[in-house]
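Bear in mind these aren't lab numbers, they're just calculated from the coordinates by the rules spelled out. Fair warning: this is a prediction, and the values are worked out from it, not measured in the lab. So basically every Cβ, Gly included, is an ideal-geometry build from the backbone, and we count neighbours across all protein chains shown.
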Amino acid sequence: MYRATADIILPTTLTGSLPRPDWFRENLGTRTFMQAMVDSRFREQYVDAVSVYLREQDIAGIDICTDGDAHYDEEVGGQSWTSYPLFHMDGFDKGIPDPAVFRTGGVGFPMGHILHDYLEARVLPSITGPVGRGDLQYTSMWKTAQRQTKKPVKFGTITPEILAVAVDDRYYKDPVERLTALSDAINEELHELADAGCPVVQLEEPQIHMVPVRGNIFGKLGMKELADVFNNTVKGLRDKTEVWCHTCWGNPSQQRMFLEVQSYAPALEFLNQVDADVITFESCSSGMMDLKAIGEQITDMKIAIGVIDHHSLQVEQPGEIAHHIREALKHIPAERLIISSDCGMGREGMSRRHARYKMISLVQGTNIVRKELGLPVAECLAEDGRYSLVRTE
């Protein structure tokens, strides 16, 4: 159900996370969101941070906003993306977390590599009972953001297979049973979120495109099976809200996880089978290498392309972004194209200032192409010369 993108040609958005303000010092920890919101210091800092995120997107002229993933704690490499659900769902022993085994094939980070810290920070609870949605409380988080803006606020969450691979399991005998339980629990949580009116629900990082690089999940779930897992996780949601499938190649601490740039091409047939309204792709950091293949294979869904590199502190120029969009339009119709960042910009390695100017440039570059196509442009208050502090004669 197209809601947020229904009436906009070339809408702009961000993947999700944004860099934390230095003054946002409070963490959720194992408290529920609503418990933490009783704490006056946490509440003030959290609400202020979300307000800042939304205002900066508004000043840039972003069409579909995010809350910056403000509920994630300040953890090494953005690890809270993984740990938050595990510490707030039912079925986990949260009392004495253990260092998790790194089970994902194809990538290893030895001592001396920045991402070895990321592996050491995977201190997670184990499954000791039936998995349930617990106290994720996504609806309350989304409401806290949406009541601060008239623009649609997108809410995203990690996919169940990443959680299933990350944790030790003392309850389920079959890892696929564990994965299915996580998928069902997330689906239940997202239905409550959609019922509350959230206009966009985003599932982040199904591992479909990782299979050709890393191998099957648990040695037996390939691309087709993982597409089925995604579809189970979002079952029934498209009747209520706009469902997005976000894909990228990883960015803990704003680092690349692979030595060589990877291609989506081997997985596009199966990505085309996910039950989503929109599917997102990294494109900037890969030099636009897959635009033609994406346009040929993804035939019905809207396509969001990343025109902002989340790994780099170099701010893209509007002209670069406009060129990227023109290249995409050679393969993807304008009415099915969305302009985004490659991935989140808040996984520990980027400053607020860099992220701010990247999103401004994203809108400026999109406006160039909108003008060329005779489309309405977004107001970008940040570029209004009347408010420059530079003295001119």
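Here the gap between R31 and I9, fully extended at 0.36 nm per residue and compared with their Cα-Cα distance, gives a gain of 3.8 nm.
Specify whether the C-alpha gyration tensor of the stretch 84-197 places it in the rounded, prolate or oblate class, a ≥ b ≥ c being the square roots of the eigenvalues: rounded for a/c under 1.5, otherwise prolate if a/b is larger than b/c and oblate if not. Judged from the Cα gyration tensor, the stretch 84-197 comes out oblate (a/c at least 1.5, b/c at or above a/b). G61: net charge of surrounding residues, Cβ under 15 Å, Lys/Arg +1, Asp/Glu -1, itself excluded? Net charge in that neighbourhood comes out at +1. Quick check: the angle from helix 352-372's long axis to the longest principal axis of the chain, C-alpha only, nearest 10 degrees? Helix 352-372 and the main axis of the chain meet at about 50 degrees. Of the residues I114, L329, S286, the one whose Cα sits farthest towards the positive end of the charge dipole of the chain is L329 (charges of +1 on Lys and Arg Cβ, -1 on Asp and Glu Cβ, taken about the Cα centre).
Compute the angle between helix 223-233 and the longest alpha-carbon principal axis of the chain, please, reported from 0 to 90 degrees and rounded to the nearest 10. With rounding to tens, the tilt is 90 degrees. Ordering V229, Y2, Q317 by the projection of their Cα atoms onto the charge dipole of the chain, which places +1 on the Cβ of Lys and Arg and -1 on the Cβ of Asp and Glu, puts Q317 at the extreme positive end. Any chance you could tell me what percent of the C-alpha pair distances in the stretch 169-316 go past 28 Å? The share of Cα pairs beyond 28 Å in the stretch 169-316 comes to 23 percent. Across the options Q207, V50, G156, the greatest Cα extent toward the positive end of the charge dipole of the chain (unit charges at beta carbon of Lys, Arg, Asp, Glu) belongs to V50. Pull out a ≥ b ≥ c, the square roots of the eigenvalues of the alpha-carbon gyration tensor of the stretch 230-277, then state rounded if a/c is under 1.5, prolate if not and a/b is larger than b/c, and oblate in the remaining case. Oblate, since a/c reaches 1.5 and b/c is not below a/b.
If you restrict to DSSP beta bridges whose two residues both lie in the chain, what percentage is antiparallel, to the nearest 5? Among the beta bridges of the chain, antiparallel pairing accounts for roughly 20 percent. The charge dipole of the stretch 33-384, taken about the Cα centre with unit charges on the Cβ atoms of Lys, Arg (+1) and Asp, Glu (-1), comes to about 360 debye, rounded to the nearest 20. Relative to the Cα centre, the charge distribution of the stretch 3-144, modelled as +1 at Lys and Arg Cβ and -1 at Asp and Glu Cβ, gives a dipole magnitude of about 280 debye.
Unpaired cysteine residues in the chain (no second Cys Cβ under 4.7 Å): C65, C198, C245, C284, C380. Averaging the sequence gap over all C-alpha pairs within less than 8 Å and six or more residues apart, then dividing by the number of residues, gives the stretch 33-384 a relative contact order of 17 percent. Estimated from the Cβ-Cβ distance and a Förster radius of 30 angstrom, the FRET efficiency linking L381 and E327 is about 0.60. For a straight C-alpha distance cut-off of 17 angstrom, the lysines reachable from K143 (same-chain residues fewer than eight places away being disregarded) are K151, K154, K240. Can you work out the PRE-style zone for I114? Point 7 Å along Cα to Cβ, and I want the residues of the stretch 339-364 with backbone N under 20 Å. Counting backbone N atoms under 20 Å from the label point, the list is 341-359. Under 22 Å of direct C-alpha separation, and excluding same-chain neighbours fewer than eight residues apart, K173 reaches these lysines: K94, K220. Per-residue 3J(HN,Hα) values for the stretch 29-41, derived from phi via the Karplus relation 6.51 cos²θ - 1.76 cosθ + 1.60 with θ = phi - 60°, read x, 8, 5, 6, 4, 5, 5, 5, 6, 7, 6, 4, 5 Hz in sequence order (x marks Gly and Pro).
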